[in-house]
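The values are calculated or read from the model by the stated rules, or taken from the named source; none is laboratory data. Note that this is a predicted model, so its numbers are computed, not measured. We place every Cβ from the backbone using ideal geometry, glycine too, and count neighbours over all the protein chains shown. These accessible areas exclude ligands, DNA and RNA; they are computed on the full protein's heavy atoms, side chains included. Shrake-Rupley method; radii C 1.70, N 1.55, O 1.52, S 1.80 Å.
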Amino acid sequence: MNVPAVLGLFQRQFEAKLDVYFRKTRATFVHVSRFESDVFQILEGFVRRRGKRIRPFLVTLGYRSSGKPPSESAFGVGIALELLHTFGLIHDDIIDQARERRGEPALQYVYASKYRRRGNALHLGSSFALLIGDIAHGLADEQFFNTVAKHKSRSALTEIYLKMKRELLF
């Protein structure tokens, strides 16, 4: 198996699935902040930064190893994992005071630049980034549980997902 070629093909397929996910979710997204109307757009932009998509790729490899082609459920779980990973990255950048993520300003600095005329710009930037990370976490859960709701292995899948979340959080 030519892993780089398979990964490249997967990444193109996954980006197309992300397009559909973000289009549908954007249409139903309720703005959570009276201060920011572009929260969802910024979250989407962060998710689309040059990630390798390894977690969703591994989900589809699991399907392939069982002799099945990746299903819509595999891609749906992959999107949930990518959103959960986004949550972790955003929070990690705040904790570590990282200035960059994937060659671009860390999200707290994106927001801090919007409020640079205020004395507390970095605090505001970190606060908004924290909220966007929390939104990614909520969307990850929503995507995962909606995807596996009718799956015959939902109990086992849920147990694995919750274990991953515990490992991420602790």
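For the structure I just gave you, tell me whether Ala112 is surrounded by 17 or more Cβ atoms within 10 Å (Cβ to Cβ) and over 15 Å from the mean Cα position of the chain (by Cα). Yes: the conditions hold for Ala112.
Among the numbered conditions (1) open to solvent by 40 Å² or more (accessible area, probe 1.4 Å); (2) touching a Ser or Thr at 6+ places or on another chain (Cβ under 9 Å); (3) in a helix (DSSP H, G or I), the only one that Leu122 does not meet is (2). The residues of the stretch 65-79 that are open to solvent by less than 70 Å² (accessible area, probe 1.4 Å) and in a helix (DSSP H, G or I), listed by number, are Ser73, Ala74, Phe75, Gly76, Val77, Gly78, Ile79.
In the stretch 1-57, which residue that is at pLDDT 85 or above and aromatic (Phe, Trp, Tyr) is farthest from Leu139 (Cα to Cα)? So the residue we want is Phe10.
The number of residues in the stretch 133-164 being crowded, with 20+ Cβ neighbours inside 10 Å and touching a His at 6+ places or on another chain (Cβ under 7 Å) comes to 1. Just one of the listed residues (Arg102, Arg64) is more than 16 Å from Leu139 (Cα to Cα) and under 17 Å from the mean Cα position of the chain (by Cα), namely Arg102. In summary, Asp93 fulfils each of the numbered conditions (1) surrounded by 21 or more Cβ atoms within 10 Å (Cβ to Cβ); (2) within 12 Å of the chain's Cα centre (by Cα); (3) of a type in the set (Asp, Glu) with the single exception of condition (2).
Is it the case that the stretch 29-40 has a residue that's among the aliphatic types (A, V, I, L, M), in contact with a Pro (Cβ under 8 Å, 6 or more places away or on another chain) and open to solvent by less than 40 Å² (accessible area, probe 1.4 Å)? No, the stretch 29-40 contains no residue that is among the aliphatic types (A, V, I, L, M), in contact with a Pro (Cβ under 8 Å, 6 or more places away or on another chain) and open to solvent by less than 40 Å² (accessible area, probe 1.4 Å). It is to be established whether one or more residues within the stretch 150-158 are closer than 19 Å to Leu89 by Cα and free of Cβ contacts under 8 Å to residues at least 40 places away in the same chain. No, the stretch 150-158 has no match at all. With respect to Glu82, determine if the residue is open to solvent by less than 20 Å² (accessible area, probe 1.4 Å), closer than 26 Å to Glu15 by Cβ and of a type in the set (Asp, Glu). Yes, satisfied. What do you reckon, is Phe87 in contact with a helix residue (DSSP H, G or I) (Cβ under 6 Å, 6 or more places away or on another chain), at pLDDT 90 or above and not basic (Lys, Arg)? So Phe87 passes the test. Just one of the listed residues (Asp141, Asp93) is in a helix (DSSP H, G or I), in contact (Cβ under 8 Å) with a residue 12 or more places away in the chain and closer than 18 Å to Arg48 by Cα, namely Asp93.
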